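The structure appears below as C-alpha coordinates.
The values are calculated or read from the model by the stated rules, or taken from the named source; none is laboratory data. The structure presented is a predicted model; accordingly, all values stated were derived computationally and were not measured. No Cβ is skipped: glycine too gets one built from the backbone with ideal geometry, and neighbour counts run over all protein chains shown.
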Amino acid sequence: METTLQTQHSSNRQPSADVDSSVSVFRYDSNNVAAIQNARLQRKRAEEAARRHAEEMEAAARNLASEIGSKEQAVKELIALRSEYDALQSKYSSVNSSLKGLETSLKAKNDELAGVKREVEIAKKEVVDIRSDCETLRTSQSSSNNTLLIANNEKTRLMTQIKGLTSYMNFALATSIREMESLPSNTNNGLENCLPSRYNGSMVFIVNLKNGMLLDPRKDSGTTVQSWTYSEGFADQMLKLSKIDGSGVWVISCPLMNSKRFYFGSEGPSVELKTAPSLPGSQDYWFIGRDSSSSHKGSWVIKNVQFKTYIGPYDGTSEVGYLLSGAIAERWAIIPITFA
(Lines give C-alpha, C1' and ligand atoms only; values in the text may rest on other atoms or scores of the structure.)
Protein backbone atom coordinates (compact mmCIF):
# COMPACT_ATOMS: atom_id res chain seq x y z
CA MET A 1 0.00 0.00 0.00
CA GLU A 2 1.29 3.25 -0.95
CA THR A 3 0.43 6.46 0.92
CA THR A 4 1.62 10.00 0.69
CA LEU A 5 2.42 11.99 3.86
CA GLN A 6 2.22 15.73 3.71
CA THR A 7 2.47 18.26 6.39
CA GLN A 8 -0.58 20.38 6.84
CA HIS A 9 -1.00 23.42 8.98
CA SER A 10 -4.73 23.04 9.07
CA SER A 11 -7.20 20.68 7.71
CA ASN A 12 -8.85 23.41 5.62
CA ARG A 13 -5.61 24.63 3.98
CA GLN A 14 -5.01 23.60 0.48
CA PRO A 15 -1.61 22.50 -0.66
CA SER A 16 0.49 25.02 -2.38
CA ALA A 17 0.91 24.80 -6.01
CA ASP A 18 4.66 25.11 -5.63
CA VAL A 19 6.16 22.16 -3.74
CA ASP A 20 9.44 22.71 -1.80
CA SER A 21 12.09 20.59 -3.35
CA SER A 22 13.79 20.07 0.08
CA VAL A 23 10.79 18.23 1.48
CA SER A 24 11.04 14.57 0.74
CA VAL A 25 8.11 12.38 0.46
CA PHE A 26 8.11 9.58 3.02
CA ARG A 27 6.72 6.40 1.92
CA TYR A 28 5.68 3.61 4.31
CA ASP A 29 7.56 0.78 2.82
CA SER A 30 9.80 -1.88 4.39
CA ASN A 31 12.93 0.01 3.71
CA ASN A 32 11.67 3.11 5.36
CA VAL A 33 10.61 1.18 8.45
CA ALA A 34 14.03 -0.35 8.73
CA ALA A 35 15.53 3.03 8.31
CA ILE A 36 13.29 4.40 10.99
CA GLN A 37 14.15 1.58 13.31
CA ASN A 38 17.77 1.98 12.49
CA ALA A 39 17.49 5.68 13.10
CA ARG A 40 15.74 5.07 16.38
CA LEU A 41 18.45 2.56 17.29
CA GLN A 42 21.13 5.04 16.28
CA ARG A 43 19.41 7.74 18.33
CA LYS A 44 19.16 5.41 21.29
CA ARG A 45 22.76 4.50 20.90
CA ALA A 46 23.63 8.17 20.59
CA GLU A 47 21.60 8.96 23.68
CA GLU A 48 23.23 6.06 25.48
CA ALA A 49 26.61 7.25 24.31
CA ALA A 50 25.72 10.79 25.38
CA ARG A 51 24.56 9.50 28.76
CA ARG A 52 27.71 7.47 29.18
CA HIS A 53 29.73 10.44 28.03
CA ALA A 54 27.91 12.62 30.53
CA GLU A 55 28.51 10.06 33.26
CA GLU A 56 32.13 9.82 32.24
CA MET A 57 32.38 13.59 32.20
CA GLU A 58 30.72 13.73 35.62
CA ALA A 59 33.03 11.01 36.89
CA ALA A 60 35.95 12.85 35.31
CA ALA A 61 34.74 16.05 36.96
CA ARG A 62 34.49 14.28 40.29
CA ASN A 63 37.91 12.75 39.75
CA LEU A 64 39.25 16.13 38.72
CA ALA A 65 37.69 17.73 41.78
CA SER A 66 39.15 14.94 43.89
CA GLU A 67 42.49 15.39 42.19
CA ILE A 68 42.25 19.15 42.71
CA GLY A 69 41.46 18.55 46.40
CA SER A 70 44.28 16.09 46.58
CA LYS A 71 46.56 18.57 44.86
CA GLU A 72 45.45 21.35 47.23
CA GLN A 73 46.17 19.01 50.14
CA ALA A 74 49.42 18.11 48.47
CA VAL A 75 50.19 21.83 48.08
CA LYS A 76 49.38 22.38 51.76
CA GLU A 77 51.53 19.41 52.66
CA LEU A 78 54.20 20.74 50.31
CA ILE A 79 54.02 24.15 52.02
CA ALA A 80 54.23 22.43 55.42
CA LEU A 81 57.10 20.32 54.16
CA ARG A 82 58.75 23.47 52.80
CA SER A 83 58.34 25.17 56.16
CA GLU A 84 59.68 22.08 57.89
CA TYR A 85 62.50 21.96 55.36
CA ASP A 86 63.34 25.61 56.05
CA ALA A 87 63.30 24.89 59.80
CA LEU A 88 65.50 21.85 59.25
CA GLN A 89 67.76 23.93 57.01
CA SER A 90 68.03 26.54 59.79
CA LYS A 91 68.74 23.77 62.29
CA TYR A 92 71.29 22.32 59.91
CA SER A 93 72.97 25.72 59.59
CA SER A 94 73.01 26.08 63.38
CA VAL A 95 74.26 22.52 63.84
CA ASN A 96 76.81 23.03 61.08
CA SER A 97 77.99 26.24 62.74
CA SER A 98 78.17 24.43 66.10
CA LEU A 99 80.00 21.58 64.41
CA LYS A 100 82.53 24.00 62.95
CA GLY A 101 82.94 25.53 66.41
CA LEU A 102 83.41 22.05 67.86
CA GLU A 103 85.91 21.24 65.14
CA THR A 104 87.82 24.43 65.97
CA SER A 105 87.63 23.61 69.69
CA LEU A 106 88.65 20.02 68.98
CA LYS A 107 91.63 21.24 66.98
CA ALA A 108 92.61 23.55 69.85
CA LYS A 109 92.19 20.66 72.30
CA ASN A 110 94.26 18.43 70.06
CA ASP A 111 96.96 21.10 69.89
CA GLU A 112 96.77 21.47 73.67
CA LEU A 113 96.92 17.70 74.08
CA ALA A 114 99.96 17.61 71.81
CA GLY A 115 101.55 20.31 73.98
CA VAL A 116 100.68 18.35 77.13
CA LYS A 117 102.18 15.22 75.60
CA ARG A 118 105.37 17.14 74.85
CA GLU A 119 105.40 18.45 78.43
CA VAL A 120 104.82 14.91 79.71
CA GLU A 121 107.78 13.71 77.68
CA ILE A 122 109.89 16.53 79.07
CA ALA A 123 108.63 15.73 82.58
CA LYS A 124 109.51 12.06 82.07
CA LYS A 125 113.03 13.07 81.11
CA GLU A 126 113.19 15.36 84.14
CA VAL A 127 111.97 12.52 86.36
CA VAL A 128 114.74 10.34 84.98
CA ASP A 129 117.24 13.12 85.66
CA ILE A 130 115.82 13.67 89.16
CA ARG A 131 116.03 9.97 89.92
CA SER A 132 119.62 10.02 88.76
CA ASP A 133 120.26 13.08 90.93
CA CYS A 134 118.55 11.34 93.87
CA GLU A 135 120.81 8.36 93.48
CA THR A 136 123.78 10.70 93.34
CA LEU A 137 122.48 12.52 96.43
CA ARG A 138 121.96 9.23 98.26
CA THR A 139 125.53 8.29 97.52
CA SER A 140 126.70 11.77 98.52
CA GLN A 141 124.51 11.71 101.65
CA SER A 142 125.97 8.39 102.68
CA SER A 143 129.44 9.85 102.25
CA SER A 144 128.36 13.04 104.06
CA ASN A 145 126.91 11.00 106.91
CA ASN A 146 130.23 9.26 107.32
CA THR A 147 132.02 12.61 107.17
CA LEU A 148 129.51 14.09 109.66
CA LEU A 149 130.02 11.17 112.00
CA ILE A 150 133.77 11.73 111.87
CA ALA A 151 133.23 15.49 112.35
CA ASN A 152 130.91 14.90 115.33
CA ASN A 153 133.46 12.63 116.90
CA GLU A 154 136.11 15.29 116.34
CA LYS A 155 133.71 17.94 117.72
CA THR A 156 133.11 15.86 120.82
CA ARG A 157 136.86 15.50 121.28
CA LEU A 158 137.44 19.23 120.78
CA MET A 159 134.54 20.18 123.09
CA THR A 160 136.08 18.00 125.75
CA GLN A 161 139.38 19.81 125.25
CA ILE A 162 137.62 23.21 125.26
CA LYS A 163 135.79 22.32 128.44
CA GLY A 164 139.07 21.41 130.06
CA LEU A 165 140.75 24.58 128.77
CA THR A 166 137.78 26.72 129.89
CA SER A 167 137.96 25.23 133.34
CA TYR A 168 141.69 25.93 133.40
CA MET A 169 141.20 29.50 132.09
CA ASN A 170 138.53 30.19 134.71
CA PHE A 171 140.87 28.93 137.38
CA ALA A 172 143.76 30.97 135.94
CA LEU A 173 141.56 34.09 135.64
CA ALA A 174 140.30 33.78 139.21
CA THR A 175 143.88 33.30 140.38
CA SER A 176 145.00 36.33 138.34
CA ILE A 177 142.24 38.52 139.79
CA ARG A 178 143.08 37.45 143.33
CA GLU A 179 146.74 38.19 142.66
CA MET A 180 145.81 41.56 141.15
CA GLU A 181 143.73 42.55 144.18
CA SER A 182 146.62 41.72 146.48
CA LEU A 183 149.07 43.96 144.61
CA PRO A 184 150.43 46.90 146.65
CA SER A 185 148.85 50.29 145.95
CA ASN A 186 150.67 52.91 143.96
CA THR A 187 150.89 56.62 144.88
CA ASN A 188 147.88 58.93 145.23
CA ASN A 189 145.87 56.60 147.45
CA GLY A 190 146.43 53.65 145.06
CA LEU A 191 144.34 55.19 142.27
CA GLU A 192 147.08 56.21 139.86
CA ASN A 193 148.43 53.44 137.57
CA CYS A 194 148.82 49.93 138.92
CA LEU A 195 147.15 47.75 136.29
CA PRO A 196 149.48 44.73 135.86
CA SER A 197 151.66 44.70 132.76
CA ARG A 198 150.27 41.28 131.81
CA TYR A 199 147.15 43.17 130.55
CA ASN A 200 149.30 44.65 127.77
CA GLY A 201 147.76 43.45 124.47
CA SER A 202 144.79 41.78 126.18
CA MET A 203 141.16 41.91 125.01
CA VAL A 204 138.78 43.02 127.77
CA PHE A 205 135.27 44.15 128.65
CA ILE A 206 135.18 47.35 130.73
CA VAL A 207 131.99 47.28 132.86
CA ASN A 208 130.64 50.16 134.96
CA LEU A 209 129.91 49.20 138.56
CA LYS A 210 126.92 51.56 138.84
CA ASN A 211 124.80 50.66 135.80
CA GLY A 212 126.36 47.32 134.79
CA MET A 213 126.87 48.55 131.20
CA LEU A 214 129.94 48.16 128.99
CA LEU A 215 132.02 50.81 127.26
CA ASP A 216 130.71 50.69 123.66
CA PRO A 217 132.29 52.85 120.89
CA ARG A 218 129.39 52.60 118.38
CA LYS A 219 127.61 55.90 119.12
CA ASP A 220 127.43 58.60 116.39
CA SER A 221 128.67 56.27 113.64
CA GLY A 222 131.59 55.08 115.74
CA THR A 223 132.95 58.48 116.82
CA THR A 224 131.61 58.58 120.39
CA VAL A 225 131.79 56.11 123.28
CA GLN A 226 128.62 55.20 125.17
CA SER A 227 127.75 52.74 127.88
CA TRP A 228 125.53 49.94 126.61
CA THR A 229 124.17 46.64 127.80
CA TYR A 230 126.14 43.54 126.87
CA SER A 231 125.04 42.26 123.45
CA GLU A 232 126.22 38.84 122.33
CA GLY A 233 127.69 39.17 118.87
CA PHE A 234 128.65 42.85 119.29
CA ALA A 235 132.37 42.24 119.16
CA ASP A 236 133.05 45.99 119.10
CA GLN A 237 132.39 45.93 122.87
CA MET A 238 135.64 43.97 123.12
CA LEU A 239 138.41 46.51 123.76
CA LYS A 240 142.19 46.22 123.60
CA LEU A 241 144.57 47.51 126.30
CA SER A 242 148.06 48.47 125.11
CA LYS A 243 150.86 49.77 127.35
CA ILE A 244 153.17 52.45 125.93
CA ASP A 245 156.78 51.37 126.34
CA GLY A 246 158.83 53.41 128.80
CA SER A 247 155.97 55.64 129.97
CA GLY A 248 153.76 53.16 131.82
CA VAL A 249 150.56 54.68 130.42
CA TRP A 250 147.83 52.82 128.54
CA VAL A 251 145.97 53.14 125.25
CA ILE A 252 142.36 51.88 125.00
CA SER A 253 141.31 50.98 121.44
CA CYS A 254 138.71 48.97 119.48
CA PRO A 255 140.27 46.47 117.02
CA LEU A 256 137.02 46.07 115.06
CA MET A 257 136.86 49.82 114.41
CA ASN A 258 140.28 50.21 112.81
CA SER A 259 141.88 50.33 116.27
CA LYS A 260 140.45 53.79 117.02
CA ARG A 261 141.71 55.12 120.38
CA PHE A 262 139.62 56.50 123.24
CA TYR A 263 140.39 60.15 124.09
CA PHE A 264 139.10 63.31 125.73
CA GLY A 265 139.11 66.33 123.42
CA SER A 266 139.24 68.94 126.18
CA GLU A 267 139.41 69.38 129.95
CA GLY A 268 136.36 68.39 132.06
CA PRO A 269 134.30 68.30 134.05
CA SER A 270 131.84 67.43 131.25
CA VAL A 271 133.27 66.22 127.93
CA GLU A 272 132.33 63.27 125.72
CA LEU A 273 134.65 60.32 125.38
CA LYS A 274 135.60 60.09 121.69
CA THR A 275 137.49 57.76 119.37
CA ALA A 276 140.10 58.58 116.70
CA PRO A 277 142.90 56.71 114.89
CA SER A 278 145.71 58.79 116.46
CA LEU A 279 146.06 62.07 118.32
CA PRO A 280 148.93 64.44 119.20
CA GLY A 281 149.89 64.94 122.81
CA SER A 282 148.68 62.63 125.55
CA GLN A 283 144.90 63.12 125.41
CA ASP A 284 144.52 59.47 124.27
CA TYR A 285 146.79 58.14 127.08
CA TRP A 286 145.35 56.76 130.31
CA PHE A 287 146.37 55.86 133.84
CA ILE A 288 144.48 52.78 135.01
CA GLY A 289 144.57 52.48 138.79
CA ARG A 290 142.98 50.11 141.27
CA ASP A 291 140.53 51.46 143.84
CA SER A 292 141.53 49.88 147.15
CA SER A 293 138.98 51.74 149.28
CA SER A 294 136.86 49.64 151.59
CA SER A 295 133.67 50.27 149.61
CA HIS A 296 135.01 49.73 146.04
CA LYS A 297 137.87 47.29 146.57
CA GLY A 298 138.97 45.56 143.38
CA SER A 299 137.47 48.19 141.04
CA TRP A 300 139.43 50.41 138.67
CA VAL A 301 139.50 54.10 137.79
CA ILE A 302 140.62 55.34 134.36
CA LYS A 303 142.30 58.77 134.35
CA ASN A 304 143.21 60.85 131.29
CA VAL A 305 146.94 61.67 131.34
CA GLN A 306 146.64 65.11 129.72
CA PHE A 307 143.49 66.55 131.37
CA LYS A 308 143.58 64.62 134.70
CA THR A 309 139.86 63.76 134.41
CA TYR A 310 138.23 60.34 134.77
CA ILE A 311 135.93 58.22 132.61
CA GLY A 312 132.47 57.94 134.13
CA PRO A 313 128.87 57.66 132.82
CA TYR A 314 126.75 60.79 132.95
CA ASP A 315 123.27 59.41 132.17
CA GLY A 316 123.89 55.75 131.35
CA THR A 317 124.16 56.30 127.60
CA SER A 318 127.30 58.40 127.08
CA GLU A 319 130.65 58.71 128.80
CA VAL A 320 131.93 62.01 130.21
CA GLY A 321 135.11 63.12 131.92
CA TYR A 322 135.20 64.91 135.27
CA LEU A 323 137.27 65.15 138.43
CA LEU A 324 137.19 62.11 140.65
CA SER A 325 134.37 62.47 143.18
CA GLY A 326 134.65 59.14 144.97
CA ALA A 327 131.25 58.03 143.64
CA ILE A 328 130.75 54.52 142.31
CA ALA A 329 129.95 55.92 138.84
CA GLU A 330 133.66 56.34 138.09
CA ARG A 331 134.51 52.77 139.12
CA TRP A 332 134.96 50.01 136.53
CA ALA A 333 135.48 46.27 136.43
CA ILE A 334 137.97 45.12 133.80
CA ILE A 335 137.09 41.60 132.63
CA PRO A 336 139.83 39.95 130.56
CA ILE A 337 138.72 37.86 127.57
CA THR A 338 142.16 36.91 126.29
CA PHE A 339 145.67 37.70 127.40
CA ALA A 340 148.37 38.38 124.83
- Answer yes if at least one residue in the stretch 195-217 is under 22 Å from Val305 (Cα atoms), of a type in the set (D, E, K, R), in a helix (DSSP H, G or I) and at pLDDT 80 or above, and no otherwise. yes
- Query: Within the stretch 197-214, which residues are loosely packed, with under 15 Cβ neighbours inside 10 Å and either within 14 Å of Ala235 (Cβ to Cβ) or touching a residue at least 24 places away in the same chain (Cβ under 8 Å) (or both)?
  - Reply: Ser197, Arg198, Gly201
